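Report on the structure given below.
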């Protein structure tokens, strides 16, 4: 609910629009659909972890970097209502993933085979899978995504930032830092029209292993969507 400030102006707080959580280790993605796009901004918050140790049929080798979560939006994912619009661009993305290395890329900075245009999903970051036993409290991470003008008729972009897990298995690695922007491509026949549609859905995936098999979120991974600030300027 909103309030009134000292000057008589109506104020708006953050409104919870939806949340979803998994309580097992066999969930490939977390999805929120049918979001109210009349707010000035939408904010998405993910907190959780990815089971790299073999849960769900994948097995990432200990002591190496592996793909982190993926991001999709506006129903543009395989099997979604806008599956034909699955063309994403991740722009101005960088990752600080060790004491000496900064990865800075224009485009999908993980999928090297598709540097500027990535089908089906956009990437957010990579994770370090340390050697030895890995517990959930050592592997949890958090990131947020913000979309400005989710109901406007312009191409939508989610600005995301956060960080991966702390590497406990190597002194040369540090907690990862993620930052970048992802949007549907507005220059392809498959996604240009949908790219200016309302940002009414978001889907966070656990990614795939090196063999292309889907990974799974660990238990009590959660995705939440908030809206803030009403506006009547959308669609102009």
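The values are calculated or read from the model by the stated rules, or taken from the named source; none is laboratory data. In this text, all values refer to a predicted model and were calculated from it rather than measured experimentally. All Cβ positions, glycine included, derive from the backbone under ideal geometry; neighbour counts span all protein chains shown.
Numbers below:
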read-out	value
Of residues in segment 91-108 being closer than 20 Å to residue 209 by Cβ and surrounded by 22 or more Cβ atoms within 10 Å (Cβ to Cβ), the one modelled with the lowest pLDDT	108
Criterion (surrounded by fewer than 19 Cβ atoms within 10 Å (Cβ to Cβ), modelled with pLDDT under 90 and touching a strand residue (DSSP E or B) at 6+ places or on another chain (Cβ under 9 Å)) met by exactly one of 230, 222	230
Given (1) surrounded by fewer than 22 Cβ atoms within 10 Å (Cβ to Cβ); (2) assigned to a loop (DSSP other than H, G, I, E, B); (3) modelled with pLDDT of 70 or more, index of the condition residue 150 fails	(1)
Only listed residue being part of a loop (DSSP other than H, G, I, E, B), within 16 Å of the chain's Cα centre (by Cα), at positive phi and at pLDDT 70 or above, chosen from 75, 79	75
